[in-house]
Amino acid sequence: MLALLILVTGLVYPLAVTAIGRVAFPHQAGGSLIRVDGQVVGSELIGQAFDDPRYFWGRPSATTPLPYNAAASAGSNLGPSNDALTLAVQTRVDALHAANASVGVDNSAPVPVDLVTASGSGLDPHISPAAAEWQVARVARARNLSEGQVRSLVAQNTQDRQLGFLGEPRVNVLELNMALDALQ
Amino acid sequence: MTVNGILQIAIYLIVLLLLVKPLGGYMARVYQGERTALGRALGPIERLTYRLIGVNPEQEMGWKTYAVAVLVFSVFGMLFLYALQRLQGILPLNPEGLGDVSADSALNTAISFVSNTNWQGYGGETTMSYLTQMLGMTVQNFASAAAGMAILIAFIRGLVRHSTSTVGNFWVDLTRSVLYILLPLALVVAVMLVGLGVVQSFSPYQTATLVQPTVDATGNQVTEQTLAIGPAASQIAIKQLGTNGGGFFNTNSAHPFENPTPLTNFLEMLSILLIPAALCYTFGKMVNDTRQGWALLAAMLIMLVVFGVAAYAAEGAGNPRLTALGIDQAATNLLPGGNMEGKELRFGIPNSALWATITTAASNGSVNSMHDSFTPLGGLVPLVMMQFGEVVFGGVGSGLYGMLAFVIVAVFVAGLMVGRTPEYLGKKIESYEIKMAALLILIMPVTVLGLTALAVVTGPGKASVFNPGPHGFSEVLYGFTSMGNNNGSAFTGLGANTPFYNLFGALAMLIARFWLIVPTLALAGSLVRKKRVPTTAGTLPTHTPLFIGWLIVIVLIVGALNFLPALALGPIVEHLGL
């Protein structure tokens, strides 16, 4: 009985799903990869680390040894009462303000929570529209673009709730940054 | 809480409830051997299966034979999964060249998957080869779920039949569960998930060139990102449908390749409760009184909604310590707000809190956010859902037979109050039944609290704790609550891949699964021998709102009495100090 189950559910079933996936949804089954000139530069679904003022920054990532290590997903697991969490958040707030200052921008608005808290997977590709708006002035100044130009790119890379009610409105950081690079 | 958040929860529940009757009715026909649409197509395969394994489907089993068949089947599954992990280094389909799994970790994982717990001491993408994930994890996701469903059906036969001694044939119930229910559903869900973006590939991990190169801790330039992929969708579909919960990747359904969009999230959440909810209707059909099934479903649903909304409120309120730093945690249409540490942006607060509640209500244990980073009260909800004994939906099969044990106790306590002999569905509840039901309810807290106590007074137990203070105690309590209830979710800060947690956790999972299966089947064996007593004016009806409320009270009181002191030392004291 066990041998039969192994054969049917362990081999036939995953191979059948793979075959259907390869024929019907080759892009999704292969990881929704983004290619530029044939070279893989990332996945639509997986974030990358950005800490240059010229780019939009994504969610903080707790993967090791590097942030956004897509070969070993991880969350921070810091509890709400852990002083290390408060310290990490304060450090991220300071880094965001320092990046603003480095291009001569002063943004005194409160920092949106998703920009200073680590995601569950450490690979979250999205930030909230509020987190993108918080960074518009900095990116515009660093790239000598108008805030309007940057804002329209943000809008183009913003997805609404799925089917109008599911999930959260979100901005894909990697695609937004690639669009910024393509502009210049 | 936002209107949209409440709407998402409401729509989820409505869609779930709409599917209960069609699927539940279908499953009842499957188990009763009646004609079904799939039966015509798959009937030859079913009959071929019996010929190959040498089973006569007409031959019925007594409860002891049935229990032995379950145990033998599980032991062989365990041995195979252990060997597979220990040998994966020399086996094919291992493009990343991952080495053999350590002995204690392999033992823990083998027991974990065979017992339908799917506790993961390991990180999927850094530990398990494609072959191990397929032949090991995926197979046991089917097998352990089907075994749970088979035992439930045997138990229901104990209630339905009278004056006989047999409760069905395990091999037949197992085969039908896989062939007619789990496999077709998994195939449909898996293909939908692939279409929506979940990976399904045998290629090696992909390499991407970073848009912004970076520098690692030792000052080396890093220009590439390795993207772990694999045959994930086929495993994820059954991990949710079979209330298994073991993820393909380390961060489970928080990983964008495992759960890429709000829609996949909806589909995966639906898959978690689909079969446990529909089995309530199957139960009603099989006992010829669907009101009995709806009553159990109502009791489960009420508890789920109350605790789910509580978790949503707690997480939505955010972390007061971050408010003090001037962080914007207010939910708007442009910002999810709330406590976002350990959560994915695309899901936001309502989907993370709802998932945490349903994954622990059902003994699923997959996660789409990191429970360790929940607020104290938000983290209390999943903890309590498990501590009810995984009866609020619970595991496929196992949840409902757990709830039926509570029904027996509820009927008994009510009978004592009015001075009548307790009955359930025409069967007299006597001292043997109460002893078995009491065993079913009490083994769990003894295991959970005993092992938690052991862990917090020994060096190796304390060494794995990650967060300081009461939250650290919550991590240990959560770990043994999860393993002691075959759930599998975790406060993952707890470094559980050590010999101490691997071995004692394996013990907890074995007890939770198999020490409960035996009394359950013994109960079935005792009930099936009884004569049916006619319903009279003195019979306590078990489908009324009054009884639903009574059942909830019994579950709450037993759960609260067992665990309130421990909860006070963990999440409650943490909340008061925040």
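Say we look at the range A:82-102 and pick out the residues that are crowded, with 16+ Cβ neighbours inside 10 Å and touching a Pro at 6+ places or on another chain (Cβ under 9 Å); which of these is farthest from the other protein chains (Cβ to nearest Cβ)?
Only one residue fits best here, namely A:N100.
Among the residues in the range B:182-194, are any on the phi > 0 side of the Ramachandran plot, in contact with a helix residue (DSSP H, G or I) (Cβ under 9 Å, 6 or more places away or on another chain) and at the interface with chain A (Cβ under 10 Å from one of its Cβ atoms)? I'd like the intermediate steps shown before the answer.
Step one: filter the range B:182-194 for residues on the phi > 0 side of the Ramachandran plot, giving none.
No, that holds for no residue.
All but one of (1) at positive phi; (2) at the interface with chain A (Cβ under 7 Å from one of its Cβ atoms) hold for B:N250; state the number of the condition that does not hold.
(1)
With B:T542, B:T535 as the choices, which residue is polar (S, T, N, Q) and surrounded by fewer than 19 Cβ atoms within 10 Å (Cβ to Cβ)?
The unique qualifying residue is B:T535.
So, in the range B:35-55, of the ones that are assigned to a loop (DSSP other than H, G, I, E, B) and touching a residue at least 60 places away in the same chain (Cβ under 8 Å), which residue ends up farthest from the other protein chains (Cβ to nearest Cβ)?
So, considering only residues that are assigned to a loop (DSSP other than H, G, I, E, B) and touching a residue at least 60 places away in the same chain (Cβ under 8 Å), the one farthest from the other protein chains (Cβ to nearest Cβ) is B:T36.
Out of curiosity, is B:A353 at pLDDT 95 or above and assigned to a helix (DSSP H, G or I)?
Here the answer is yes, as B:A353 does meet what is asked.
Scan the range B:461-503 for residues that are surrounded by fewer than 22 Cβ atoms within 10 Å (Cβ to Cβ) and under 22 Å from the mean Cα position of the chain (by Cα) and jot them down.
B:G495, B:N497, B:L503
Any residue in the range B:67-78 that is farther than 30 Å from B:G525 by Cα and not in a loop (DSSP other than H, G, I, E, B)?
no
Out of all the residues in the range A:80-101, is one or more in a loop (DSSP other than H, G, I, E, B), out of contact with any strand residue (DSSP E or B) (no Cβ under 6 Å at 6 or more places or on another chain) and touching a residue at least 24 places away in the same chain (Cβ under 8 Å)?
no
From the list B:G293, B:G338, which residue is crowded, with 24+ Cβ neighbours inside 10 Å and within 22 Å of the chain's Cα centre (by Cα)?
The match here is B:G293.
If the requirement is being facing chain B (nearest Cβ under 7 Å), crowded, with 19+ Cβ neighbours inside 10 Å and part of a helix (DSSP H, G or I), which of these qualifies: A:L180, A:L123, A:L153, A:L174?
Within the list A:L180, A:L123, A:L153, A:L174, the selection yields A:L174.
When residues of the range A:49-98 are filtered for being over 16 Å from B:G493 (Cβ atoms), of a type in the set (S, T, N, Q) and touching a Gly at 6+ places or on another chain (Cβ under 9 Å), how many remain?
2
Looking only at the range B:386-402, count how many residues are out of contact with any Gly (no Cβ under 7 Å at 6 or more places or on another chain) and more than 13 Å from B:N486 (Cβ to Cβ).
Residues meeting the conditions: 1.
Restricting attention to the range B:313-328, which residues are in contact (Cβ under 8 Å) with a residue 24 or more places away in the chain, within 14 Å of chain A (Cβ to nearest Cβ) and outside any loop (DSSP other than H, G, I, E, B)?
B:A314, B:E315, B:G316, B:P320, B:R321
Let me spell it out: the conditions are (1) at the interface with chain A (Cβ under 7 Å from one of its Cβ atoms); (2) closer than 21 Å to B:L131 by Cβ, and B:I238 meets all of them except one. Which number is the exception?
Of the numbered conditions (1) at the interface with chain A (Cβ under 7 Å from one of its Cβ atoms); (2) closer than 21 Å to B:L131 by Cβ, the odd one out for B:I238 is (1).
Okay, residues lined up against (1) at pLDDT below 95; (2) buried (at least 24 other Cβ atoms within 10 Å of the Cβ); (3) not hydrophobic (A, V, I, L, M, F, W, C):
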position: B:I90; (1), (2), (3): yes, no, no
position: B:T117; (1), (2), (3): yes, yes, yes
position: B:Q120; (1), (2), (3): yes, yes, yes
position: B:A146; (1), (2), (3): no, yes, no
position: B:F155; (1), (2), (3): no, yes, no
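Can you name the number of the only condition in (1) crowded, with 20+ Cβ neighbours inside 10 Å; (2) within 13 Å of chain A (Cβ to nearest Cβ); (3) without any contact (Cβ under 8 Å) to a residue 60 or more places away in the chain that B:Q85 fails?
Answer for B:Q85: the failing condition is (2).
Taking B:V101 as meeting all but one of (1) out of contact with any Lys or Arg (no Cβ under 7 Å at 6 or more places or on another chain); (2) at pLDDT below 95, write down the number of the exception.
Looking at each condition in turn, B:V101 falls short on (1).
Filter the range B:1-57 down to the residues that are among the small types (G, A, S), loosely packed, with under 15 Cβ neighbours inside 10 Å and farther than 22 Å from B:V172 by Cα and list them by number.
Matches in the range B:1-57: B:A10 only.
Going residue by residue through the range B:369-382, is there one that turns out to be touching a His at 6+ places or on another chain (Cβ under 6 Å), in contact (Cβ under 8 Å) with a residue 12 or more places away in the chain and closer than 25 Å to B:G197 by Cα?
The answer is no; no qualifying residue exists.
Looking at (1) more than 7 Å from chain A (Cβ to nearest Cβ); (2) surrounded by fewer than 23 Cβ atoms within 10 Å (Cβ to Cβ); (3) touching a residue at least 40 places away in the same chain (Cβ under 8 Å); (4) hydroxyl-bearing (S, T, Y), find the lone condition where B:T218 falls short.
(3)
Does B:M61 satisfy the criteria of being of a type outside the set (D, E), free of Cβ contacts under 8 Å to residues at least 60 places away in the same chain and on the phi < 0 side of the Ramachandran plot? Before the answer, list the steps.
Values: of a type outside the set (D, E): yes; free of Cβ contacts under 8 Å to residues at least 60 places away in the same chain: no; on the phi < 0 side of the Ramachandran plot: yes.
No, not satisfied.
Yes or no: B:A228 within 7 Å of chain A (Cβ to nearest Cβ), in contact (Cβ under 8 Å) with a residue 40 or more places away in the chain and hydrophobic (A, V, I, L, M, F, W, C)?
yes
Under 21 Å from B:T251 (Cβ atoms), without any contact (Cβ under 8 Å) to a residue 60 or more places away in the chain and more than 7 Å from chain B (Cβ to nearest Cβ): which single residue out of A:P60, A:P65 fits that description?
That would be A:P60, the only listed residue that is under 21 Å from B:T251 (Cβ atoms), without any contact (Cβ under 8 Å) to a residue 60 or more places away in the chain and more than 7 Å from chain B (Cβ to nearest Cβ).
Within the bounds of the range B:92-106, is there any residue that is assigned to a loop (DSSP other than H, G, I, E, B), under 21 Å from A:V8 (Cα atoms) and within 14 Å of another protein chain (Cβ to nearest Cβ)?
First pass over the range B:92-106, keeping only residues assigned to a loop (DSSP other than H, G, I, E, B): B:92-102.
Those still in the list that are under 21 Å from A:V8 (Cα atoms) too: B:92-94.
Still in the running and within 14 Å of another protein chain (Cβ to nearest Cβ): B:92-93.
Yes, there is a match, as at least one residue in the range B:92-106 is assigned to a loop (DSSP other than H, G, I, E, B), under 21 Å from A:V8 (Cα atoms) and within 14 Å of another protein chain (Cβ to nearest Cβ).
Got a number for residues in the range B:361-375 being under 15 Å from B:T492 (Cα atoms) and either at pLDDT below 95 or not charged (D, E, K, R) (or both)?
Residues flagged as under 15 Å from B:T492 (Cα atoms) and either at pLDDT below 95 or not charged (D, E, K, R) (or both) within the range B:361-375 amount to 10.
Considering only residues of the range B:172-196 that are under 15 Å from A:R22 (Cβ atoms) and of a type in the set (G, A, S), which is surrounded by the fewest Cβ atoms within 10 Å (Cβ to Cβ)?
If we take residues in the range B:172-196 being under 15 Å from A:R22 (Cβ atoms) and of a type in the set (G, A, S), then B:G195 is surrounded by the fewest Cβ atoms within 10 Å (Cβ to Cβ).
Are there any pairs, at least 6 apart or on different chains, whose C-beta atoms fall under 9 Å, with the first in the range B:242-257 and touching a residue at least 12 places away in the same chain (Cβ under 8 Å) and under 17 Å from B:T109 (Cβ atoms) and the second charged (D, E, K, R) and outside any loop (DSSP other than H, G, I, E, B), and if so, which?
Listed by first residue and then by second, the contacts come to B:G245/B:K239; B:G246/B:K239; B:G247/B:K239; B:F248/B:E125; B:F248/B:K239; B:F249/B:E125; B:N250/B:E125; B:N252/B:K239.
The values are calculated or read from the model by the stated rules, or taken from the named source; none is laboratory data. Computed from a predicted structure; not experimentally measured. Using ideal geometry, Cβ is built from the backbone for each residue, glycine included, and neighbour counts are taken over all protein chains shown.
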